[in-house]
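Peer 1: Take this structure first; my questions come after.
The values are calculated or read from the model by the stated rules, or taken from the named source; none is laboratory data. Because the structure is a prediction, the values reported are computed rather than measured. Counting neighbours? That spans all protein chains shown, and the Cβs are built from the backbone with ideal geometry, glycine included.
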Amino acid sequence: MIQVRELSKLYGKKQVVENVNVDIRRGQITSFIGPNGAGKSTLLSMVSRLLDADTGEVLIDSTNTKKMKSNELAKRVSILKQSNFMNVRLTIRELVSFGRFPYSKGRLNDEDEKMVDQAIEYMDLKEMEHSYLDELSGGQRQRAFIAMVIAQDTDYVLLDEPLNNLDMKHSVQIMKILRRLVDELGKTVIIVLHDINFASVYSDRIVALKNGRVVKDGPTEEIIQSSALKEIYDMDIPIQMMDNCRICVYFNS
Amino acid sequence: MRDLHKMLILAGLALAACGVYLFHDLNGSFDYALPRRGVKVFAMVLTGIAIAYATVVFQTITHNRILTPSIMGLDSLYMLLQTLLIFFLGSDHISIMNRQVNFILSIAAMVVFALLFYHFLFKKGNQPIYFLLLIGIIFGTFFGSISTFLQVLIDPNEFQIVQDQMFASFNNVNSDLVWLSLVIIVLLIAFAWRHNASLDVLSLGRDTALNLGVNYDSLVRYMLILSAVLIAIATALVGPITFFGLIVANLSYQFFRSYKHSVLLTGSIVISIIALVGGQWVVERLFTFNTTLSVIINFIGGVYFIYLLLRESRAK
C-alpha cells in the first residue's frame with residue numbers, strides 16, 4: 001500500500017498540492033482525475049520522488065520513501081511521464097533493457113535478458129524490437145516505454161497521462177494492457193487520466209483532485225455519479241449505463 | 001562488435017599519427033629531438049584525454065550537444081589570472097617565468113573557483129542546470145572584460161607575453177608537469193569510469209534516470225566538478241583549448257552512433273589524440289610553424305559548429 005500523508009507543494013506562493021492524504025491499495029488500478037491545474041501530475045511526481053515535497057511524506061509498504069536508497073526504490077516503484085524527450089537514438093530493445101538497470105547496472109545477465117524478452121512480448125513488440133524509437137508511431141513508442149516499465153518489474157507502476165496524443169484504438173489497447181498487468185501480474189497501477197470514461201471503465205478506485213486538494217476518494221461506482229462529478233468539474237454530467245459500464249455523457253452538458 | 005572494429009581502426013590511426021610525429025624526419029637525432037617530441041606527444045595525448053572526457057560528460061549532463069565546458073568560464077578565468085599576474089607582477093616574475101609555479105597557480109585558481117561556484121549554487125537547493133550555465137556565462141564574460149581592460153593598459157611588450165598565453169601551445173610544455181598531469185588525469189578518469197552505465201541512463205533524461213534509480217543530483221554534481229578539474233588541468237598545461245572538445249565529441253557521436261558512454265568516451269579520446277597529434281604535425285611540417293594549432297582548431301571547430309547548428313535547426 002502507498003500511503004500519502006499531508007503532502008504539500010508550493011510553486012512560489014501558489015499552493016499546487018495542499019495537505020493531501022490518500023491511501024492507494026495494492027492490486028488495483030487507481031485513477032487520479034480532476035480539472036486542469038488540479039495538481040494531479042504534481043502529486044504523482046511527488047509520490048514517485050521526481051519532485052521533492054515541501055511538507056508531508058510518502059510511505060510505501062510502511063517505509064518512508066525518503067529513507068529508501070534510490071536504487072531500492074527503483075525496484076519497487078516506477079514512473080512514466082508524459083513527455084519522454086531524449087537525445088540519443090535507441091532501438092526498442094535497448095530502451096526496454098534500460099528497465100533492468102536497477103538490477104543489473106548495465107550488465108545484463110541471462111535472467112535480465114529473459115525479463116526483457118517477456119516485457120517485449122507482453123507489449124506485442126517482438127517483430128519490431130530492433131526498430132529505432134524515432135521511426136515509430138506515437139502508440140508504438142508509448143508501448144515501448146511501458147515495456148521498459150514492465151521490465152523494471154516493480155510492484156507499483158505510476159503513469160502520467162499515458163493516453164495523451166493516442167487515438168482511440170491505441171488508448172483502449174494501453175488501458176487493456178494496464179488492466180492485465182493488475183489482473184495477471186498482480187501489479188498496482190496509479191494513473192493520471194483526463195478522459196473520465198476511461199477512468200470509469202478501467203479503474204477500481206478513483207481519486208478526484210481540485211485546486212490541490214482531494215475532493216473525492218472512493219470506488220469507481222461511487223465517484224462516477226452526477227452529484228460527485230458536479231462537485232469535481234462544476235458540470236452537470238448525466239451517467240448512462242451501457243453494457244455494465246458507467247458512461248459519462250458530458251459532450252453537451 | 002562493429003564498434004570494436006571501428007575502435008581498432010581509430011586506435012591504429014592514433015598510433016600511426018604518434019609514430020609519424022615522433023619519427024618523421026628524425027635524421028638519427030635520438031638523443032636530442034626524440035625526447036623533446038616525446039614530451040610534446042605525451043602532452044597532446046593527455047590534453048586530448050582530458051578535453052574529450054570532460055566534454056562528452058558535460059554534454060550528457062546538460063542534454064546538449066553543442067555546449068562545451070568552456071561555458072563555465074574556466075578559460076576566461078585562466079586568461080584573467082595570466083593577465084593579472086603580468087599586470088601586477090610583470091612578465092619577469094616567477095609566477096610567469098616558472099612553468100611549474102604558473103601551472104599550480106592556474107589549477108588552484110580554476111578548481112577553487114569551480115568548487116566555490118558549485119557550492120553556492122547547490123546550497124540554494126536544486127537549481128535547474130541551465131541556471132547554472134547562465135551564471136557561468138556571466139562570470140566568463142565578466143572575467144573576459146576585465147582581462148581585455150587590463151590588456152589595453154599594459155605595456156605593449158608585456159602584452160606580447162599575455163598574447164602568448166592566449167593560444168594553446170604544445171611547444172614549451174614542461175616534462176615534469178606532464179608527469180604530474182598524467183597521474184591526476186589517470187586517477188580521476190579511472191575512478192569515474194564505473195559511472196559509465198549511469199551516464200547512459202542519464203542521457204534518457206532526468207525523469208527516466210530518476211525512475212531507474214540513478215542518484216541524479218549527486219551524479220550531476222560529481223561529473224560537473226570532475227569535468228571542471230579536467231579542463232583546469234588541460235588549460236593550465238597547454239592553454240585555452242576547450243573549443244576543441246566540441247569537435248571530437250560530435251565526431252564520436254557521428255562515428256559510433258552508440259548511446260554507451262564506454263564507447264563514446266573511448267572514441268572521443270582516440271579521435272582527439274589523432275586530431276591533436278596529426279594537427280600539430282601539419283602545423284610543424286606543412287606550415288613550418290607559421291601558424292599555431294589552436295588557430296587551426298578554432299577555424300575547423302568554428303566551421304563544424306556552424307554545420308552542427310544548421311543540421312540541428314533542420315532536424316527540428
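Peer 1: Report yes if some residue within the range B:107-125 is over 24 Å from B:V41 (Cα atoms), hydroxyl-bearing (S, T, Y) and in contact (Cβ under 8 Å) with a residue 24 or more places away in the chain; otherwise report no.
Peer 2: Within the range B:107-125, one or more residues are over 24 Å from B:V41 (Cα atoms), hydroxyl-bearing (S, T, Y) and in contact (Cβ under 8 Å) with a residue 24 or more places away in the chain.
Peer 1: Can you tell me which residue is nearest to A:K75 (Cα to Cα) among those in the range B:217-246 that are among the hydroxyl-bearing types (S, T, Y) and surrounded by fewer than 21 Cβ atoms within 10 Å (Cβ to Cβ)?
Peer 2: B:S218
Let's see how each residue does on (1) hydrophobic (A, V, I, L, M, F, W, C); (2) closer than 26 Å to B:L199 by Cα:
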| site | (1), (2) |
| --- | --- |
| A:I33 | yes, no |
| A:G37 | no, no |
| A:I60 | yes, no |
| A:N64 | no, no |
| A:V77 | yes, yes |
| A:M86 | yes, yes |
| A:M128 | yes, no |
| A:G139 | no, no |
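Peer 1: Moving on. Of the conditions (1) free of Cβ contacts under 8 Å to residues at least 60 places away in the same chain; (2) closer than 19 Å to A:V189 by Cβ; (3) surrounded by fewer than 18 Cβ atoms within 10 Å (Cβ to Cβ); (4) not small (G, A, S), A:M46 satisfies every one except a single condition; which number is it?
Peer 2: (3)
Peer 1: State whether the residues of the range B:40-52 include one that is over 30 Å from A:M86 (Cα atoms), surrounded by 21 or more Cβ atoms within 10 Å (Cβ to Cβ), at pLDDT 90 or above and more than 17 Å from the chain's Cα centre (by Cα).
Peer 2: So far as the range B:40-52 goes, no, none of its residues is over 30 Å from A:M86 (Cα atoms), surrounded by 21 or more Cβ atoms within 10 Å (Cβ to Cβ), at pLDDT 90 or above and more than 17 Å from the chain's Cα centre (by Cα).
Peer 1: Taking the condition of being at pLDDT below 85 and over 21 Å from the mean Cα position of the chain (by Cα), how many residues in the range B:160-204 meet it?
Peer 2: Result for the range B:160-204: 2.
One line per residue, one yes/no per condition, for (1) under 19 Å from the mean Cα position of the chain (by Cα); (2) over 30 Å from B:G205 (Cβ atoms); (3) modelled with pLDDT of 90 or more; (4) not hydroxyl-bearing (S, T, Y):
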| residue | (1), (2), (3), (4) |
| --- | --- |
| B:F87 | no, yes, no, yes |
| B:H93 | no, yes, no, yes |
| B:N98 | no, yes, no, yes |
| B:F103 | yes, yes, no, yes |
| B:F122 | no, no, no, yes |
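Peer 1: Take the residues in the range B:285-299 that are in a helix (DSSP H, G or I) and surrounded by fewer than 16 Cβ atoms within 10 Å (Cβ to Cβ), then tell me which one is modelled with the lowest pLDDT.
Peer 2: Among those residues, the one meeting the criterion is B:V295.
Peer 1: Counting only residues that are more than 22 Å from A:Q3 (Cβ to Cβ), in contact with a strand residue (DSSP E or B) (Cβ under 9 Å, 6 or more places away or on another chain) and more than 9 Å from chain B (Cβ to nearest Cβ), give me the helices (runs of 4 or more DSSP H) lying completely in the range A:60-130 with at least 1 of them.
Peer 2: In the range A:60-130, the matching helices (runs of 4 or more DSSP H) lie at A:92-98.
Peer 1: Given the conditions (1) of a type outside the set (F, W, Y); (2) at pLDDT below 90; (3) out of contact with any Cys (no Cβ under 9 Å at 6 or more places or on another chain), which single one is not true for A:S203?
Peer 2: (2)
Peer 1: Any chance the range A:133-150 includes a residue that's at the interface with chain B (Cβ under 9 Å from one of its Cβ atoms), in contact with a Pro (Cβ under 9 Å, 6 or more places away or on another chain) and under 30 Å from A:H194 (Cβ atoms)?
Peer 2: yes
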